[in-house]
Amino acid sequence: MKNFLIPVDFSDVSYTAAQYAVDMAAHLHAEKVIFYHSYAHRPAEGYDEHAGYQQTTLRHLEKMASKLHVPSPLSVEQFIFLADDQPVKTGVEAIVARHAISLIVMGIAGLSDIENTLIGRNTMAVAESGAAPLLIVPRDHAFKPVNKVVYATDLKNVEHVTPAASIIRFASQLEAETHVVHVDPATQGQTPEKILGKQEILKMLESLHPVFEVISEPVNKAEGIFDYVKRNHIDLILMASRNYGFFRRLFHSSVSKKLLNIADVPVVLLKNRPVA
């Protein structure tokens with residue numbers, strides 16, 4: 001992963017995500033780390049001069065970055081600071097296109113944060129965009145090397161919806177053991193469609209030698225995934241990000257909201273097409 005993008009709003013949640021991103025960028029020998037702030041919601045009075053407000057915001061970004069611990073081999077010379085008055089989604093999409101962003105990193109505090117805070121709404125807007133893989137960092141979560149990742153699947157239409165190339169690239173770059181989990185208390189994955197789906201996904205991810213497990217306990221999907229994460233010491237949850245419609249369903253579904261609310265490990269929303 002070459003280039004990281006960190007959209008921030010200067011909240012505590014943003015600082016947590018920024019530190020996580022910087023630590024991961026160093027771990028993966030990234031080339032650039034871009035800090036970005038949208039001041040589209042700046043106060044109406046007293047900030048008429050765009051250039052002046054932009055310079056002030058850039059200084060705030062630099063000050064924020066100066067408070068972060070920057071592990072080697074990363075250095076502050078690799079930091080880029082950007083600010084504009086575009087909506088966050090629009091600004092992020094432009095930066096992704098201009099700088100070939102490998103990973104966007106943003107913070108979130110939980111279910112209430114998605115709906116009621118600026119950073120939550122901004123994270124949701126970037127998720128809806130699907131411009132690049134998005135890593136969502138829980139509140140107060142510190143980076144540690146990722147040894148295990150899990151990809152959650154419903155085993156439906158596997159060939160068309162599984163971001164296999166992105167999963168392979170992501171897991172390979174992290175040198176992580178890959179798990180694939182399916183929550184199915186009703187049929188325990190034993191319908192003809194799901195048996196075929198399991199075979200297809202294992203073939204698609206064959207190079208990773210994934211561990212596959214069906215969770216058959218009578219729990220909802222979010223709790224089933226969370227329990228699996230805890231039992232198997234998973235460091236990162238991978239989910240597919242197929243398109244705008246998917247993101248709307250993802251963040252408005254009770255399952256995904258519960259998952260983001262209870263999970264204390266990061267969640268990565270992956271694109272179907274891999275990036276550098």
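The values are calculated or read from the model by the stated rules, or taken from the named source; none is laboratory data. Just so we're clear, the structure is a prediction, and the values are computed from it rather than from any experiment. With ideal geometry, Cβ positions are generated from the backbone for all residues, glycine too; neighbour counts draw on all protein chains shown. Only protein heavy atoms, including side chains, enter the accessible area calculation; ligands, DNA and RNA are left aside. Shrake-Rupley method; radii C 1.70, N 1.55, O 1.52, S 1.80 Å.
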Just name the residue that is modelled with the lowest pLDDT out of those in region 111-140 that are buried (at least 19 other Cβ atoms within 10 Å of the Cβ) and assigned to a loop (DSSP other than H, G, I, E, B). 130
Mind checking whether some residue in region 88-106 is more than 23 Å from residue 144 (Cβ to Cβ), touching a Gly at 6+ places or on another chain (Cβ under 7 Å) and either open to solvent by 40 Å² or more (accessible area, probe 1.4 Å) or at pLDDT 95 or above (or both)? no
Taking into account only those residues within region 10-58 that are open to solvent by 80 Å² or more (accessible area, probe 1.4 Å) and in contact with a strand residue (DSSP E or B) (Cβ under 9 Å, 6 or more places away or on another chain), which is modelled with the highest pLDDT? 31
Please state which one of 203, 144 is over 18 Å from the mean Cα position of the chain (by Cα) and open to solvent by 70 Å² or more (accessible area, probe 1.4 Å). 203
Would region 220-242 turn up any residue that is modelled with pLDDT of 80 or more, among the polar types (S, T, N, Q) and either assigned to a helix (DSSP H, G or I) or loosely packed, with under 13 Cβ neighbours inside 10 Å (or both)? no
